[in-house]
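Read the structure below first, then the notes.
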């Protein structure tokens with residue numbers, strides 16, 4: 001008889017073997033973080049979960065279970081009709097809740113009664129979270145990292161994209177964190193994920209890599225926006241081989257204007273972000289940058305920001321955190337064009 005539960009380590013080793021990963025937690029729990037590729041089929045939604053918790057605390061555990069059973073049964077029936085009705089007999093889902101308790105057990109009981117070989121993740125999301133934390137402590141050391149260095153606007157992220165297009169292994173931390181890593185780095189209409197979600201995405205990216213091949217990554221500080229990199233990863237990055245990008249300042253200005261065009265379309269948002277730098281540079285300097293922005297003298301403003309803020313900060317960070325960059329392989333680009341970055345990536349990605 002098929003065992004309906006499965007240990008976390010065994011499930012992680014066989015994730016590709018499941019036809020679906022079903023998270024039966026509430027939408028709010030799911031939004032904070034979930035297993036890669038999971039779909040949310042809550043047996044209790046956020047309001048229902050709060051109601052059951054209140055009943056448990058105010059009346060009794062029995063009252064909470066009695067009411068909860070009605071809600072869980074109703075929700076599972078709806079998922080059977082709306083989400084699972086077309087699945088064939090051999091459909092093999094992995095089901096989990098917060099700690100491998102009653103919510104996932106209820107779903108698995110119904111699915112197996114239908115005839116599907118469903119499995120319940122032992123320990124639920126908490127077991128998976130422990131696995132992520134443990135793996136992120138040891139996995140970074142498995143890979144030969146190649147750290148792309150270069151001042152702001154030199155096109156580090158652009159080079160990573162072209163390296164990926166060439167088939168190279170790329171760990172794009174800013175893409176995973178949904179942030180460009182500076183005071184102006186927030187992406188419009190795209191809030192950063194939670195710290196847990198970021199770490200799961202990072203875990204998933206590392207899981208895909210072949211340790212026999214190099215992994216290209218951009219030089220970063222310990223935080224990308226509001227998200228903190230795992231200590232093991234940042235320490236391994238700081239000891240890794242560096243590749244230094246060189247691009248003249250005019251090309252850097254053009255590249256930055258292209259990548260941060262949303263600020264030119266929303267000057268008030270830019271002015272609010274520049275205010276964050278008053279503590280570092282004082283009101284007078286920041287006001288000078290703001291006046292250039294208000295006058296839409298974009299080339300002058302970007303060049304001044306590079307000279308007075310970004311370049312000095314980057315030099316200090318590089319000297320402090322990536323000292324091996326002094327012996328780095330230098331890649332000098334003629335322009336900010338995609339073609340020049342594609343040529344550089346082809347050279348670096350060559351076996």
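Out of all the residues in the stretch 133-146, is one or more at pLDDT 95 or above and closer than 25 Å to residue 266 by Cβ?
So far as the stretch 133-146 goes, no, none of its residues is at pLDDT 95 or above and closer than 25 Å to residue 266 by Cβ.
So residue 230 passes all but one of these: (1) surrounded by 17 or more Cβ atoms within 10 Å (Cβ to Cβ); (2) under 19 Å from residue 173 (Cβ atoms); (3) more than 24 Å from the chain's Cα centre (by Cα). Which condition number does it fail?
It is condition (3) that residue 230 fails.
Please find, within the stretch 18-30, the residue that is surrounded by the most Cβ atoms within 10 Å (Cβ to Cβ) out of those that are in contact (Cβ under 8 Å) with a residue 60 or more places away in the chain and in contact with a helix residue (DSSP H, G or I) (Cβ under 9 Å, 6 or more places away or on another chain).
24
Look through 89, 142, 156 and report the one residue that is surrounded by fewer than 18 Cβ atoms within 10 Å (Cβ to Cβ) and under 30 Å from residue 331 (Cβ atoms).
142 is the lone residue from the list that is surrounded by fewer than 18 Cβ atoms within 10 Å (Cβ to Cβ) and under 30 Å from residue 331 (Cβ atoms).
For the stretch 280-325, what are the residues that are over 23 Å from residue 148 (Cβ atoms) and modelled with pLDDT under 95?
Result: 280, single match.
What residue, among those in the stretch 328-346 that are outside any loop (DSSP other than H, G, I, E, B) and free of Cβ contacts under 8 Å to residues at least 12 places away in the same chain, is farthest from residue 255 (Cα to Cα)?
Among them, the one singled out is 343.
Could you look through the stretch 253-274, keep only residues that are within 19 Å of residue 152 (Cβ to Cβ) and more than 26 Å from the chain's Cα centre (by Cα), and pick out the one that is surrounded by the most Cβ atoms within 10 Å (Cβ to Cβ)?
253
The values are calculated or read from the model by the stated rules, or taken from the named source; none is laboratory data. All values derive from a computational prediction rather than experimental measurement. Note that each Cβ is placed from the backbone with ideal geometry, even for glycine, and that neighbours are counted across all protein chains shown.
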